[in-house]
Amino acid sequence: MNTPNKEITSTMPKIVASFDLGGSHNRGIVQIYPEGVPIVIAMSPEVADVSRDSIAHSFTQVRLDSTWVGIGNEYYVLGAVAKEAFFGTPALKELKFHYGLPKIAGLFWLASWQLGLNQPMEAFAQLLLPGGEIADGKDLGKTLSRKLNKGVKTPNGQLKVKLVNFSTSPEGSGIMSYRRRALGSEFDKKSIGLLMLGYRNASFLLSSKGNLTKFETTDLGMSWLVHQFVERTAVGLSKDDFRLAHLLVQAQNGNQNALRSISRKATPTGVESDLKLFNSVLPPLVDDYCRAIIRWVKNLAVLDEVLICGGTADLIRAPLTQYFESVGIPIVWNGGVQIPKGLDTQGLENRIADVWTAHINYIKMLDEYSGYERKQKLFPDNYQAPPNMNWTPAKDLFSINGFFPQPQTSKRNHNSSN
């Protein structure tokens, strides 16, 4: 982890951002530093490279689930509009740094809007990456610093960010650190594995006697199961149907009618036939998926304890629990992380556990290096998100020429003692 200079004295607004470019959401925790209240920002993962004229044609309304960025002569659409209008890709097969530049630039735009900032700013940013991609973060940080400092075109004009520090951390390291604090000295006596099941992939971290000794990644994320479901049913479903992952979880958890809506049949009889097929294919598929995950983990390490987290973990919670209990390995779901009430304004639940705990670590590091003495909790117990936090205007128009309504934010006290 790179550390910033101790002199954090500029008069420009300063934000701290922790980003996780997930397969289901690009998400982050952002705050004004040092006393701002952290907030969650999120956008769907799709990205599409487009022409300048296409942006002018497609963006006719402010949508906080989408944006566009212009980096040099290249333009990208991000989020829901990328999927709806440009057949954008969530880039599940590419390494995360491949589209890291436009995705992070888009999240910085969203952060500036949500925090009510419309001027150049300084930023301290960290990015969570699979263990095998950490080395790519250094080059990405250099490119980000250069491009953001020069300026990125966005819906409300030029976004200029002076990137004071850019740090990369392995996915899961935040939750592992959280568990270390919870166990105290006992942590250094154990072999603890962290199994993170995401949409894009599955990751495994191993802490052996207090030292992180292994980072492994496999393609066995929720996307694998979705693809297999589409292939095994073979009734014209699309692996890109954003509803599938959520509906598969519902069906696996006992809702026999959850998958009815994805049938493409034109008659009630046809729909019923599809539904019967879906509900017969899913259980053995989930069993295959769980067995594959267990085979993979069994060959990685001998464990005293396993931490299991990630949005996909709920799909196979019961069989995973049964397996680890049968071999005498205690499970700590989501590493014991408790998301503060009021923080999860996006409804992402345990999918922000890792980025939230990583953000806590990053703030602690910044406080230490800047000499800031934090006397209050990072996130106040009594905090309530302003009513406009998820504001989505319906009529304000903007164009690529830079017109954009001023942020309709209420006056907020960002002091953490609120």
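Its convex hull of Cα atoms gives the chain a direction-averaged projected area, equal to a quarter of the hull surface, of 21.3 nm².
Evaluated with a Cβ-only charge set (Lys, Arg +1; Asp, Glu -1), region 186-337 carries a dipole of roughly 200 debye about its Cα centre, given to the nearest 20. Between Lys209 and Asp240, the modelled label-to-label distance comes to 5.1 nm, taking each label 7 Å out from Cα in the direction of the beta carbon.
Treating r as the C-beta distance of Lys364 and Ile329 and R0 as 35 Å, the FRET efficiency rounds to 0.70.
If the chain linking Glu349 and Ala135 were pulled fully straight, counting 0.36 nm for each residue of separation and taking away their Cα-Cα distance, it would gain 74.1 nm. Projected label points at Lys150 and Asp288, each 7 Å from Cα along the beta carbon direction, are separated by 4.8 nanometres.
For region 186-337, what D do you get in µm² per second when you plug the Kirkwood radius from alpha-carbon pairs into Stokes-Einstein at 25 °C and 0.890 mPa s?
Result for D is 148 µm²/s.
Quote the relative contact order of region 186-337 in percent (integer), defining contacts as alpha-carbon pairs under 8 Å separated by 6+ residues. Reported relative contact order: 26 percent. Summing charges over all other residues whose Cβ lies under 11 Å from the Cβ of Leu247, with Lys and Arg as +1 and Asp and Glu as -1, gives +1. Evaluated with a Cβ-only charge set (Lys, Arg +1; Asp, Glu -1), the chain carries a dipole of roughly 520 debye about its Cα centre, given to the nearest 20. Between Lys142 and Thr267, the contour length at 0.36 nm per residue exceeds the Cα-Cα span by 39.4 nm.
In the chain, what percentage of the DSSP-assigned beta bridges are antiparallel, given to the nearest 5?
Taking every DSSP beta bridge with both residues in the chain, the antiparallel ones total about 65 percent.
Could you compute the FRET efficiency for Gln228 and Asn73, with r as their C-beta to C-beta distance and R0 at 51 Å, rounded to 0.05?
0.80
Let me know the shape class of region 140-234, please: from the alpha-carbon gyration tensor, a ≥ b ≥ c as square roots of the eigenvalues, rounded when a/c is under 1.5, otherwise prolate if a/b is greater than b/c, or oblate. Oblate, since a/c reaches 1.5 and b/c is not below a/b. If I take R0 = 51 Å and measure r between the Cβ atoms of Phe87 and Asp188 in this structure, what FRET efficiency does the formula 1/(1 + (r/R0)^6) give, to the nearest 0.05? The computed FRET efficiency comes out at 0.55.
Here is how the number arises for the chain: DSSP H runs of 4 or more residues each give -39500 (n - 2.57), the sum is divided by the residue count, and the result at 222 nm is -10500 deg cm²/dmol.
Each value in this text was obtained by applying a stated rule to the coordinates, not by laboratory testing. The structure displayed is predicted, hence computed values, not measured ones. Positions of Cβ are generated from backbone atoms using ideal geometry, with glycine treated the same way; all protein chains shown enter the neighbour counts.
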